[in-house]
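Trainee: Here it is, the structure, as C-alpha cells.
All of the numbers you see were taken from the coordinates with simple rules; none came from a lab. This is a predicted model, so every value here is computed, not measured. Using ideal geometry, Cβ is built from the backbone for each residue, glycine included, and neighbour counts are taken over all protein chains shown.
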Amino acid sequence: MSSEVLVLGTSAVLFAIGGAGALMHRHPVALLMAIEVMLNAANLLIVLGARVHGGADAEAAALVVLVLSAAEAVIGLALALALFRRRAIPDVDDAVELRG
Amino acid sequence: MMPLLAWAWVFTLPGLLLTGLGVPTGQRRAGYASLLGPPVLLVVALIALAQGGSYSVTFDGWLPFLPDGAYRALADPLSALLLVILGAVATVVYVYSLGYMADDPGKRRFFVYLDLFVAAMGLLVLAGNLAVLLIGWTGVGISSFLLISFWRDRPGTLGAGLQALAANAVGDGALLLAASIVPTGCGALVNLGTSQCTAGFGGAEFLALLLFVAAAAKSAQGPLYFWLPNAMAGPTPISALIHAATMVAAGVYLLVRTHALLTLAPQVSLWIAAIGVATAIGASVASLFQANFKKGIAYSTVAQLGYMFAGVGVGVPFAGLFHLFTHASFKALLFLAAGVVIHGAGGREGLADLRGLGRFFAFSRWGFLIGSLALIGTPLITAGGFSKDAIVDAAINSSTPIVGWLLLAAVILTGGYIGRLFAIVYMAPAVDPHTVHHDPGAERPMNWSLVPLMVGSLVLGWVGILWLPSVLPEAIVGPVATVPILNITGALAFVLGAIGFLGVAWYVLRPQAALARGETSYRPDGWVRAIAVGGYAVSDAFSRVQSGLVARYAFGSLIGVAVVLLVRVVAFR
C-alpha cells in the first residue's frame with residue numbers, strides 16, 4: 001500500500017469521524033471540535049494533492065484553510081458563548097427558535 | 001433672486017437652532033421660532049421662478065474621493081418650482097402642526113426634525129451634482145426616519161422607521177454607485193446626458209438604471225413600495241409633508257432632472273413606465289382593502305407616484321412634473337383633512353374606529369371631498385384633472401400606448417378607493433359619536449391650514465397649463481408645450497373615476513341597512529375556504545423542512561455532498 005493511499009484513507013476516515021461527530025454531538029463546543037476534525041481531513045487531502053502534483057499553489061490553499069478554520073472557530077465559539085449565556089444546559093438541539 | 005435661492009436650504013437652519021435651544025420657552029410657544037423659515041423659502045422661490053434665469057455655486061475639491069467632489073448647487077426654474085412646492089406645503093404643515101402637536105410633550109423636537117427635513121430637502125433639490133444630491137438624498141431619508149419613529153414608545157413605530165431607512169438605503173447605495181462610476185469631472189446633473197459622462201462602466205443604460213433604482217426607492221415604486229404605507233406610523237402632518245408631497249416626489253424630480261440621460265436609455269425608460277403602471281394598479285387595489293385610514297391614503301400616494309413615473313417613462317417629463325405639482329397640493333389636503341378627524345378621535349386611525357366620525361368636522365369633510373375630486377381627475381374645476389390627463393394623453397401618444405390605456409383604466413380603481421374612504425369616514429352614520437372631542441384651540445390652526453390647500457387643489461391645474469410651460473426650460477416641457485384643457489380621454493377618465501367613487505361608496509353604505517335588519521355579515525364561500533386550507537397545507541408541508549435542528553441541516557448537506565460525488569463518479573467514470 002503506497003503512502004498516498006494511506007493518507008487518502010486517513011483523510012476519509014477523519015472526515016467520517018468528524019461528520020458523525022458533528023451530527024451526533026449536542027454540546028456546542030464538541031460540535032465545533034468535530035467540525036475542526038472535518039476541516040483537518042480536507043486539509044490533509046489538499047496537502048496530499050500538493051505532494052502528488054508538486055507546486056506551491058495547493059500548499060498556499062492549505063494555509064488559507066488553516067486561517068479560515070481559525071476564523072470559523074472564533075464565530076463558532078462566540079455562538080457557543082451566546083448559547084451558554086441564554087440557557088442553563090447548552091444543547092444545540094434545544095435551540096430550535098428558527099423552526100418553521 | 002436666483003443667487004439667493006441657491007442657498008435656500010439654509011433658510012430653516014436658524015429656526016432649527018433657536019427651537020432646539022429652547023427659544024421661545026414654554027409648551028405653547030415651542031416651535032414659533034421655526035415658523036419663519038418655510039414662508040421665506042416660498043416667497044424667495046416664487047420670485048426666483050417668476051424672474052427666471054439660473055445661478056450655480058461651486059467649491060472645488062470638497063469631497064475628494066468622488067470623481068466629481070466639488071460642492072455644486074444649482075438654482076434654476078426646475079429647482080425653484082420644487083422649492084415653491086416645498087415652501088408652500090411646509091408652511092401649511094408648520095401651521096397645522098401647531099394645532100396637531102399642541103399637547104404633545106415632544107412638540108419642540110418635532111419642529112427641530114421638521115426644520116432638518118426642509119433643509120435636507122432643499123439641499124436635495126438645489127444639488128448641482130451627484131455628490132451634493134447624495135447628501136440631500138440621505139438627509140431626507142434620515143429625517144424621514146426620525147419623524148416616522150417620532151412616537152418611538154408606541155409599538156411598531158421604530159420598526160416602521162427602520163424599514164423606511166432600509167428601503168432608502170437601497171436607493172442611497174445606487175446613487176453612491178452612480179456617483180462613483182461617472183468619469184472624473186462629470187458629476188454635474190445637467191451634464192449627465194452628454195456622451196463624455198456616460199462613458200463610465202456600463203454606459204448610459206447602467207447609469208440610468210442606477211438612478212432609476214434610487215428614484216424607485218425614494219418614491220416607493222415597484223418592489224420597494226413597502227416602506228411607505230408603514231411610514232404612516234408617524235404623525236399625520238409628516239405623512240402630508242414628507243410622505244405625500246415632497247420627499248417621495250424626489251424620485252420623480254431626479255428622473256425629470258436627468259431626463260437627458262433617460263432619452264439615451266430607452267430600455268430603462270420602458271422599465272420606468274412599466275414599473276410605474278404596475279405600481280399604480282397594484283397600489284390602487286391594495287388601497288381598497290386597507291383597514292387603516294392613513295394607510296389607505298398612503299397606497300393612493302404610491303399609486304399616484306406610479307402615474308408620475310409612467311409619465312416620465314414614456315418620455316414626457318413635463319407631465320410627470322405637472323402631476324407632482326398638483327398632487328402635492330391635493331394629497332397634502334387629503335392627509336391633513338384626515339388628520340383633523342384622527343386628532344379629534346384621540347389619535348385612533350382604524351377605519352372601524354373612525355366610521356362616520358368625519359361628519360363632525362365640516363372643514364375636514366369639505367377638504368377631503370375636494371381632495372378626492374382632484375384625485376379622480378374632475379376636469380376643469382380641479383387640478384388633478386389636468387395633470388392626470390396630461391400623463392394619460394402623453395402615454396397614449398407615446399410609442400407604448402398600452403401604458404396610457406392601462407393608466408386610464410386604473411382611474412376606476414382610484415375612484416373606488418377614495419370613494420370607499422370618503423364613504424366610511426365622512427358619510428356613514430357614526431357608530432359612537434361620543435368619542436369625538438372638539439378642542440377649538442388646536443382645531444383652529446388645523447382647519448385654516450386646509451384652506452390654501454383647497455384653493456390649490458382647485459386652481460393649480462390652470463396655473464400649471466397657463467404659466468409653468470413658459471417658465472420651465474424647453475428641454476423639460478418638451479414637445480407637449482400645451483396640455484389640452486378638455487378632451488375625450490380626460491372626460492373618459494373622469495367618468496371612470498366617478499363610477500368607481502359612487503359605486504364603492506354605494507357598496508360601503510349599503511350593508512348598513514342589512515346589518516340593521518339583523519342579517520349576518522360576510523361568510524366565505526367554499527372555494528375561498530379551499531384556497532385558504534390548501535395554502536395552509538402546502539405551507540405546513542414545506543415548513544416541516546425548517547426543523548431548526550442544526551444536526552438535521554448538517555445531515556442534509558452531507559447527503560447532498562454525497563449525491564454530488566456519486567453523480568460525479570458515475571457520470572465521468
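Trainee: Grab the beta carbon distance between residue B:434 and residue B:154, set R0 = 22 Å, and tell me the FRET efficiency rounded to 0.05.
Mentor: The calculated FRET efficiency here is 0.35.
Trainee: Moving on to the next point. Sum -39500 (n - 2.57) across every DSSP H segment of at least 4 residues in chain B, then divide by the residue count to get the 222 nm mean residue ellipticity, nearest 500.
Mentor: Taken over chain B, the calculation gives -21500 deg cm²/dmol.
Trainee: What does the extension gain come out to for residue B:488 and residue B:104, with contour length at 0.36 nm per residue minus their alpha carbon separation?
Mentor: Taking residue B:488 through residue B:104 to full extension adds about 133.3 nm, to one decimal.
Trainee: What number does the protein assembly as shown give for Rg over Rh if you use C-alpha atoms and the Kirkwood radius?
Mentor: 1.07
Trainee: Residue B:35 versus residue B:289, label points 7 Å from Cα toward the beta carbon: distance in nm?
Mentor: 4.6
Trainee: Mean residue ellipticity at 222 nm from the helices of chain A, using -39,500 (n - 2.57) per DSSP H segment of n ≥ 4 over the full residue count, to the nearest 500 deg cm²/dmol?
Mentor: Taken over chain A, the calculation gives -28000 deg cm²/dmol.
Trainee: Still on this structure, please answer the following. Show me B:401-407, B:121-127, B:421-427, B:448-454 ranked by packing, highest mean number of other Cβ atoms within 10 Å first.
Mentor: Descending packing order for the listed peptides: B:121-127, B:421-427, B:448-454, B:401-407.
Trainee: On to the next question. What ranking of B:393, B:103, B:353 emerges when the number of other C-beta atoms within 10 Å of each C-beta is taken as an exposure proxy, fewest first?
Mentor: By the 10 Å Cβ count, ascending: B:103, B:353, B:393.
Trainee: Rank these for me by crowding, B:544, B:365, going from fewest to most other beta carbons within 10 Å.
Mentor: Lowest count first: B:544, B:365.
Trainee: Let me ask you something else. Would you please state the base-10 log of I(q)/I(0) at q = 0.05, 0.08 1/Å for chain B, with intensities from the Debye formula using one equal scatterer on every alpha carbon?
Mentor: Debye output, listed in q order: -0.22, -0.55.
Trainee: Report, ordered by chain and residue number, the lysines lying within cross-link reach of residue B:388, taken as a straight Cα distance under 29 Å and ignoring same-chain residues fewer than 8 apart.
Mentor: Counting by Cα, and skipping residues close in sequence, residue B:388 has these lysines nearby: B:218, B:294, B:295, B:331.
Trainee: Under a crude label model (7 Å from the Cα following the beta-carbon direction), how far is residue B:463 from residue B:362 in nanometres?
Mentor: About 2.7 nm, to one decimal.
Trainee: Using r as the Cβ-Cβ distance of residue B:13 and residue B:557, and R0 as 51 Å, what FRET efficiency do you calculate, to the nearest 0.05?
Mentor: 0.35
Trainee: For residue B:135 and residue A:3, what is the calculated FRET efficiency with R₀ set at 56 Å and r taken between the beta-carbons, to the nearest 0.05?
Mentor: According to the calculation, E is roughly 0.30.
Trainee: Using the membrane-span-like helix rule (whole DSSP H runs, Cα extent along the own axis of at least 27 Å, mean Kyte-Doolittle hydropathy at least 0.5), which helices of chain B qualify?
Mentor: What comes out of the filter, once short or polar helices are dropped, is B:77-100, B:107-126, B:157-181, B:266-287, B:293-313, B:317-344, B:401-422, B:440-466, B:488-509, B:550-571.
Trainee: Quick one: order B:438, B:343 by neighbouring beta-carbon count within 10 Å, fewest to most.
Mentor: Neighbour counts put them in this order, fewest first: B:438, B:343.
Trainee: Taking the Cα centre as origin and putting +1 on Lys and Arg beta-carbons and -1 on Asp and Glu beta-carbons, what dipole magnitude results for the protein assembly as shown, to the nearest 20 debye?
Mentor: Dipole about the Cα centre, nearest 20: 1340 debye.
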